[in-house]
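First comes the structure, then the notes that go with it.
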Amino acid sequence: MNDKLPRWVDLALIPLINLILAFLVAGLVVVFIGEDPIQAVRLLLVGSLGSSYGIGFTLYYATTFVFTGLAVAIAFHAGLFNIGGEGQAALGGIGATLVCLAFDWPHWTLALPFAILGACLFGAAWAFIPGYLQAKRGSHIVITTIMFNFIGAALVVYLLVNVLKVPGSMAPETRNFAEGTHLPFMHEILGVFGVAISKTPLNLSAFLALVGAFLTWLLIWRSRLGYEMRALGFSEPAAVYAGIDPVRVTIIAMVLSGAMAGMMALNVVMGFQHRLVLDYVGGAGFVGIAVALMGRNHPVGVVIAAILFGILYQGGAELAFDMPNISREMIVVIQALVILFTGALENLVRFPMERLFVKSGTRTG
Amino acid sequence: MQNQAGRIDSALAIELVGISKSFGPVQANRDIHLPVRRGTIHGIVGENGAGKSTLMSILYGFYQADSGEIRINGQRTEIPDSLAAISAGIGMVHQHFMLVQPFTVLENIILGAEDGPLLRPSLAKARSELERLANEYELRVDPDAVVSELSVGAQQRVEILKALYRECDILILDEPTGVLTPAEADHLFRILEHLKSEGKTIILITHKLREIMAVTDEVSIMRRGEMVKTLVTSETSPSELAELMVGRRVLLRVEKTPAKPGPVALEAKDLTLIDDKGVERLRSVSLNVREGEILGIAGVAGNGQSELLEVLAGIAVANSGTVTFRGQDLDLSKITNANQRRKLGIAHVPEDRHRRGLVMPYQTWENTAFGYHGQPRFEAGYGLMSRGEMRNDAVGKIERFDIRPPDTNLKSANFSGGNQQKIVLAREIESDPDVLLVGQPTRGVDIGAIEFIHQQIVTLRDRGKAIILVSVELDEIQALSDRIIVMFDGRVSGERLSSETDERELGLLMAGIDPEKSEGA
Amino acid sequence: MDIDVFVQLMGSSLRLATPLLLACLAGLFSERAGIFDIGLDGKMLAAAFAAGAVAAVSGSAWLGLLAGIGASMALSVVHGLASITLRGNQLISGVAINFLASGMTALIGQNWFHQGGQTPQLTADSRFLGIQLPFAEGLSSVPIVGPIYSNFISGHNILVYIALLTVPLTWWILFRTRFGLRLRAVGENPGAVDTAGISVVVQRYQAVLICGLLCGISGAYLSTGMSAGFVREMTAGKGFIALAALIFAKWKPWPALGACFLFGFLEAFGIRYQGFTIAGVTVPVQFMQALPYILTVVILAGFVGKAIPPKAGGQPYVKER
């Protein structure tokens, strides 16, 4: 039925209207708590895009969301709804941390490949088990990944409190990483070229995120594996007919998805905090769901949606500061509304559109 | 309010007047008139997609007609939903049973027809009512059996009981024999005769002319959403009905020369397959196919043909037996052997192109390589695929197989059934296989494309290739095959040369009776 | 372990199991009707906030309960709209509802009470407090039976008993009434229900609303029974443990009681014996917290009896053409 609609309606108009609806409702919420929504949007935009400081933070957040958004998108193409990004990213943090703490790394260029390996490996491992159980035992991936978020959270707390914590300290966090593991900040990189920007957490990982998006695009739309994933996502009997092993492809898709989620550790742990703190993921794994839905699971869409959520997170923080009535949780509300309108309530717009276009279709022929 | 004669014709149980219905741009029913006389069995025939099921769904309140009216016993009746249909005395047995599998027979019977908010009295009443119906109509089913554990025939009887429990006067059956064995079908027809003698009116939808001739009193023919004609069954013939169904004289004779069979290309021995539920789907099936020969496999749907084809194609697991191809035993132990088969030169046109043969959201160029996408010629290095090569390949296939519209970028979901099938066929035939496995090649395919598809299969045979054809359409089997194997209940019930058998003999074999053997006994 | 300690442990297991049980039965109604609900946690959270806030403002626990039920059912309507009327993705809708509740409770809470998202501390008369059942005092001195009766069976608040009564009631509704028959049917084969002349849409909305009702009681219990007021994110994933219990119980009411009590016991045990030692190995408290989830994964993997969900679960109903 979807195919009756013109491509531009399907790919651009419907998502746009859904998004507008989500923001309209968010605006109503702002009005409800007695603030001026126009003023709120202005503060939001100024806070996130009005200065190189704001932009730096915005893109720092966006980098994280690109990773978690791509993670959801990759699994989605294989017909798997991975809501375990939160747990996979948490484990990825452990992986990157272990690498960073293992040696006294002389330079970040040496540490980086191993940290990537560590983050990906641990994130992938945490996605592998639900993937394996789905493929081999038919366990519903949504439920198992939810369970693994909680199990992962418990595991990370245990490791931080009992193994990785600085002896004698009360705070559940690791010691600071050696200087030689710190990824260069963007203000340092641009400083080399004589461009001065504000000091922000934005770091080299932003480029890694773009590389990740490009590789995901290659994977899904250009590679044989991606072709097989999409076939499996459409119909398992079709995949089997075409000689595609559903077990293999399901597990690989989940492993790649988990690895991508784990990559967010590069941005936050290795690029900014330089140590592992409790709950460093902070819901970014879930934001990935909203980002992937809004970006229609296409890498370009994911990058755009991630930047939009970066604006929300940075601008929202500024907004909460300027308008005390609006707390930071406004971002979570907007995130929920985006998921609701672009995901669950998508047909609210699609059904009338179909009626509109199908009707005019009969009239012309 | 009044029909043409200006009076209410009470001899008609149902009269449909000027019913039209469209789904978007597709006109499923156009100005349909249908009179059904009370106390008769009325057949409705037509090809797949002729609009029979839509019409009955309108009568049962599943869809609303765009225009026209429904008269029941001469009274104009609005049927906005199934509830209205039920209270108007209409019952329906759907093609796919509307039963709740984990429920008992009794629970299924009372669902929607309970007497009050508590189940106990309803169940008790249904139990005694069922007893009465069982005696009256030869409709025996254990009321406490769980439906999922009943045979298909018994499940169908539950459906009929459901309708009778709701005191229906008019019973609609949609393709009731598609899933039945011949014995079960006979049982069904006896029940229908019985219901007729009790004064019930029955509408039988089918595309099987033999059934129409055997049990109906009158028959209406539908074609492309329109009602062509209503005839008295005893005054017509299968060939006249066939002609009316397709709109021109069909010659299901395919132009072909006698086969010149070569050596055995593929041989299966003692194949046995037991499914997840422990049902034996294949029982020691043996067969072979020779080069330059079309081996047809006939049988009522669900007698093991699908499983056989899937085992040969490497996507179903056989519990025992061997398949030999070029002197080599094929692996039958995994469902992921499709690639191995393709590499050996065994191609497969699957029975279900929507769920297996094509990825519907893929564009043409993606689907023309589906299954062959791992071939070196489509490779561009580093695990990437060469889109240019795939597109070129698609352009050639589109041209040679006359796929319309000739658009490499169109999603497969947007092609007609016939053109979808041509995409599959083009892909499999052009892989230049030594053995081609074909399942239901013309299901849901328009007449024009049928001829083309048949011709392609014969041409492949004439190039010395071996073909195994599975079809539930006996006409198609007879027209194409050089040799015919009939399957019944998971085993081979007979084997005949196409030139030395006829419809009657094949029909008996499909019912599991071998006339040659039984003559001797 | 002496009997008093054991009975106390059982009593606190029951108190901890109560919100799980209500949410679990809520999920049971929804999922038996074919609507997956991973938004149980969000509905509980919204209800906990609404109950806590209204109880604080009005001084009545009962008004709080009503408000909690109202908030939860409002989210149920959203879920119904998305998954029944608009035939959207039920899982995505559930995810959205969880976030919506999480964000809105904090946002409105801060805006309303200016206490960092908390509601004001509830006084004793605006809470559901424990009820002494008859003879609890008198029997407490009787050995064995006494402590069990007075510390395990008696002394809980009314919502605990309501939760316990909901178990047989759910069983009775599901398996002994017309409503239950239709509800189960719509979760297995909505086509059969539709052709029998029953509205699939109405049936499913009813189930989803009952789910909202029970989640509402569960949430109100958290903020006005178990605690004295609402705290941000106070469900702490309880809705997901309830979901786990539902799978563990294979979508059946009595086993749901068992599963919830087991998970409640694990929590109570974990709280009382932080880092206890078995055979020389110290079992970390985090392991105890993760155990319900681990057990559920084991069940889902089919290593201990396969959990088969209702057949039509998760799929929107579309009349076939």
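Of the residues B:Arg210, B:Arg190, B:Arg223, only one is among the charged types (D, E, K, R), closer than 24 Å to B:Val17 by Cα and either touching a Pro at 6+ places or on another chain (Cβ under 8 Å) or assigned by TED's automatic domain parsing to the domain that holds B:Ser53 (or both); which? Show your work before the answer.
Details: B:Arg210 fails: closer than 24 Å to B:Val17 by Cα; B:Arg190 fails: closer than 24 Å to B:Val17 by Cα.
Answer to the check: B:Arg223.
Yes or no, residue by residue, for (1) within 24 Å of A:Gly258 (Cα to Cα); (2) more than 7 Å from chain C (Cβ to nearest Cβ); (3) crowded, with 21+ Cβ neighbours inside 10 Å; (4) free of Cβ contacts under 8 Å to residues at least 24 places away in the same chain:
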site	(1), (2), (3), (4)
A:Val287	yes, yes, yes, no
A:Ala292	yes, yes, yes, no
A:Gly295	yes, yes, yes, no
A:Val302	yes, yes, yes, no
A:Ile326	no, yes, yes, no
A:Met330	no, no, yes, no
A:Phe341	no, yes, yes, no
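Taken over segment B:193-212, the criterion of being under 22 Å from B:Ala50 (Cβ atoms) and in a helix (DSSP H, G or I) is satisfied by B:Leu209, B:Arg210, B:Glu211, B:Ile212.
Just to check your reading of the model, which residue among A:Ala265, A:Ala261 is under 30 Å from A:Leu21 (Cα atoms), out of contact with any Phe, Trp or Tyr (no Cβ under 6 Å at 6 or more places or on another chain) and crowded, with 24+ Cβ neighbours inside 10 Å? Result of the check over A:Ala265, A:Ala261: A:Ala261.
When A:Gly79 is tested against (1) crowded, with 24+ Cβ neighbours inside 10 Å; (2) within 30 Å of A:Ala127 (Cα to Cα); (3) not basic (Lys, Arg), exactly one condition is not met: (1).
Which ranges mark the strands (runs of 3 or more DSSP E) fully within segment B:53-97 that have 1 or more residues being within 13 Å of chain C (Cβ to nearest Cβ)? Please lay out each step first, then the result.
On the way: elements: B:67-72, B:75-77, B:90-93.
So the answer is B:90-93.
Out of B:Glu516, B:Glu505, B:Glu476, one residue alone is out of contact with any Gly (no Cβ under 6 Å at 6 or more places or on another chain), surrounded by fewer than 17 Cβ atoms within 10 Å (Cβ to Cβ), assigned by TED's automatic domain parsing to the domain that holds B:Ile297 and outside any loop (DSSP other than H, G, I, E, B). It is B:Glu516.
The sole residue among C:Ile92, C:Ile97, C:Ile144, C:Ile158 that is more than 8 Å from every other protein chain (Cβ to nearest Cβ) and either surrounded by 21 or more Cβ atoms within 10 Å (Cβ to Cβ) or under 23 Å from the mean Cα position of the chain (by Cα) (or both) is C:Ile158. If the condition is being closer than 30 Å to A:Lys199 by Cα, in contact with a Phe, Trp or Tyr (Cβ under 7 Å, 6 or more places away or on another chain) and not hydrophobic (A, V, I, L, M, F, W, C), then segment A:147-183 contributes A:Gly180, A:Thr181, A:His182.
Quick check on C:Arg32: is it crowded, with 21+ Cβ neighbours inside 10 Å and closer than 22 Å to C:Arg182 by Cα?
On the way: crowded, with 21+ Cβ neighbours inside 10 Å: yes; closer than 22 Å to C:Arg182 by Cα: yes.
Yes; evaluated as a whole, the condition is true for this residue.
Take the conditions closer than 23 Å to C:Pro316 by Cβ, touching a His at 6+ places or on another chain (Cβ under 9 Å) and of a type outside the set (A, V, I, L, M, F, W, C) and apply them to C:Gly34. Does it pass? I'd like the intermediate steps shown before the answer.
Values: closer than 23 Å to C:Pro316 by Cβ: yes; touching a His at 6+ places or on another chain (Cβ under 9 Å): no; of a type outside the set (A, V, I, L, M, F, W, C): yes.
Spelling it out, it is not the case that C:Gly34 is closer than 23 Å to C:Pro316 by Cβ, touching a His at 6+ places or on another chain (Cβ under 9 Å) and of a type outside the set (A, V, I, L, M, F, W, C).
Of the residues contained in segment A:29-39, none is found to be within 23 Å of the chain's Cα centre (by Cα) and either crowded, with 19+ Cβ neighbours inside 10 Å or among the aromatic types (Phe, Trp, Tyr) (or both).
Given the structure, is B:Arg132 over 23 Å from B:Ala85 (Cβ atoms), part of a helix (DSSP H, G or I) and either outside the structural domain of B:Glu184 (by TED's automatic domain parsing) or basic (Lys, Arg) (or both)?
Details: over 23 Å from B:Ala85 (Cβ atoms): yes; part of a helix (DSSP H, G or I): yes; either outside the structural domain of B:Glu184 (by TED's automatic domain parsing) or basic (Lys, Arg) (or both): yes.
So B:Arg132 fits the description; yes.
In the condition set (1) farther than 15 Å from A:Ala259 by Cβ; (2) within 13 Å of another protein chain (Cβ to nearest Cβ), A:Phe65 is compliant with all but (2). How many residues does segment C:183-192 hold that are facing chain B (nearest Cβ under 7 Å) and surrounded by 24 or more Cβ atoms within 10 Å (Cβ to Cβ)? So the answer is 3.
One line per residue, one yes/no per condition, for (1) outside the structural domain of B:Gly46 (by TED's automatic domain parsing); (2) surrounded by fewer than 18 Cβ atoms within 10 Å (Cβ to Cβ); (3) under 16 Å from B:Asp352 (Cα atoms); (4) modelled with pLDDT under 90:
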{"position": "B:Phe401", "(1), (2), (3), (4)": "yes, no, no, no"}
{"position": "B:Gly417", "(1), (2), (3), (4)": "yes, yes, yes, yes"}
{"position": "B:Gln421", "(1), (2), (3), (4)": "yes, no, yes, no"}
{"position": "B:Val424", "(1), (2), (3), (4)": "yes, no, yes, no"}
{"position": "B:Pro441", "(1), (2), (3), (4)": "yes, no, yes, no"}
{"position": "B:Glu451", "(1), (2), (3), (4)": "yes, yes, no, yes"}
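Restricting segment A:192-216 to residues that are surrounded by 23 or more Cβ atoms within 10 Å (Cβ to Cβ) and outside any helix (DSSP H, G or I) leaves a set whose member that is nearest to the other protein chains (Cβ to nearest Cβ) is A:Leu202. Applying the set (1) assigned to a helix (DSSP H, G or I); (2) within 13 Å of the chain's Cα centre (by Cα) to A:Leu232 leaves exactly one unmet item: (2).
In segment A:109-143, the qualifying residues are those that are of a type in the set (Phe, Trp, Tyr) and under 18 Å from the mean Cα position of the chain (by Cα), and the one that is surrounded by the most Cβ atoms within 10 Å (Cβ to Cβ) is A:Trp126.
Go through the residues of segment C:111-125 one by one and say whether even a single one is closer than 30 Å to A:Arg296 by Cα, in contact (Cβ under 8 Å) with a residue 12 or more places away in the chain and within 14 Å of chain A (Cβ to nearest Cβ). Reasoning before the result, please.
Our first condition is that a residue be closer than 30 Å to A:Arg296 by Cα; within segment C:111-125, this holds for none.
Looking for residues that are closer than 30 Å to A:Arg296 by Cα, in contact (Cβ under 8 Å) with a residue 12 or more places away in the chain and within 14 Å of chain A (Cβ to nearest Cβ), one finds none in segment C:111-125, hence no.
Just one of A:Leu266, A:Leu225, A:Leu219 is in a helix (DSSP H, G or I), away from every other protein chain (no Cβ under 14 Å) and out of contact with any Asp or Glu (no Cβ under 9 Å at 6 or more places or on another chain); which is it? It is A:Leu266.
The values are calculated or read from the model by the stated rules, or taken from the named source; none is laboratory data. Please read all numbers here as calculations on a predicted model, not as lab measurements. With ideal geometry, Cβ positions are generated from the backbone for all residues, glycine too; neighbour counts draw on all protein chains shown.
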